[in-house]
Amino acid sequence: MTAVRTRGLTRAYPARKGTDTRPHLALNGFDLSVEPGEVHGLLGPNGAGKTTLCRILCTVLLPTGGTAEVLGHDVLAEPDAVRRSIGIVFGGERGLYGRLTVVQNLRFWGALYGLSGRELRDRVGLLLERTGLADRTDDRVDTMSRGMKQRLHIARGLVHDPRVLILDEPTIGMDPVAAHAFREMIEQLRTDGRTVLLTTHDMREAEALCDRVTLVDHGQVIVSEPVARIGSLLAPGDRIEAADVPDETVRALRELPGITSVDLLGNGKVRVLPSTEGAAAQALRLLVGSGVTRISTTPPSLEEVYLSLIGDRGMAVRS
């Protein structure tokens, strides 16, 4: 059974003000499949349709066309079953009550899902331990750091033991230390066999965490591939970086057939992007034949593929 599946999913909004009377399509024939136990990243600029998709999967928003299922449950026909199957974690302050303590927040949300008595106490205790909040149980939420609040967000999303977790921009505003701790928690969820659907602008976060990524723009899927294969969309062969490259060798590289680009990186360094494996081999032979000894090959990064397919709208690369 597919964990998350959409087919031809569409969400239209009334026409925006102005002369254009056509409805705005936040999602336009959106097809997506996420396998059980997979950490799947949704990447795209603001307004691409990522949050609209999350809201439909959470049954907060109704689609205007197509279908969406979570663990085989249709969001329109079986909304209660969908809600029991998913946990939701949004970035920012939404979903937490600042004047309540950590444990009071979790007990409140657990009660909303029908938990009570010993079952609720055991579940809350387990989540406090797993999220590193066991020594913060009596802290009021409005006194906590951004990173600690996000840990509580994840505990809240897991309080009813869902098999699918939807994380919508969960690391917005986090400092590097908190973001690192968050990534460790995602690895724990992967080990548990949970499915995670993660929307983010952060290329490094997606590369570090996700098994597969889907690039989204204008409400449509641009491409959906495993992270390990995403670089092949930009170039079938690895990119080549070399140092101390003579000017005449740079000119010769640019004249080779099958070379997409030769970029100067400064201090005699160049980056060569071949369009075929044969072109990569030719470029390597030329560099070696020119006496260049400092050469490395790596696949194109997710960042480079994103820029090539979508552009720099809304992209972020955080350290």
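What follows is calculated from the coordinates using simple rules that are stated; it is not laboratory data. Everything quoted here is computed from the prediction, not taken from an experiment. Ideal geometry is used to build each Cβ from the backbone, glycine not excepted, and the neighbour counts take in all protein chains shown.
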Within the under-15-Å Cβ sphere about ALA243, not counting ALA243, Lys/Arg +1 and Asp/Glu -1 give a net charge of 0
With n ≥ 4 as the cut-off for DSSP H runs, can you work out [θ] at 222 nm for the chain, using -39500 (n - 2.57) per run divided by the number of residues, rounded to the nearest 500?
-10000 deg cm²/dmol
Neighbour-count ranking [beta-carbon atoms within 10 angstrom, fewest first] of ILE222, ILE259
ILE222, ILE259
Order of SER261, SER296, SER224 from fewest to most other C-beta atoms within 10 Å?
SER296, SER261, SER224
Shape box of the chain [Cα atoms, principal axes, largest first, Å]:
76, 52, 41
Which of the trypsin sites (Lys or Arg not before Pro) found in the range 1-100 are loop residues per DSSP with 15 or fewer other Cβ atoms within 10 Å of their Cβ?
ARG16, LYS17, ARG94, ARG99
Length gained, PHE108-ASP122, 0.36 nm per residue minus C-alpha separation, equals 3.6 nm
At a Förster distance of 51 Å, what's the computed FRET efficiency of THR64 paired with ILE295, Cβ-Cβ distance as r, to 0.05?
0.45
Highest-MSF residue in the chain out of THR200, THR64, THR298 [GNM, Cα springs under 10 Å]:
THR298
Full-extension gain in nm, LEU76 to GLU255, via 0.36 nm per residue minus C-alpha separation:
58.7 nm
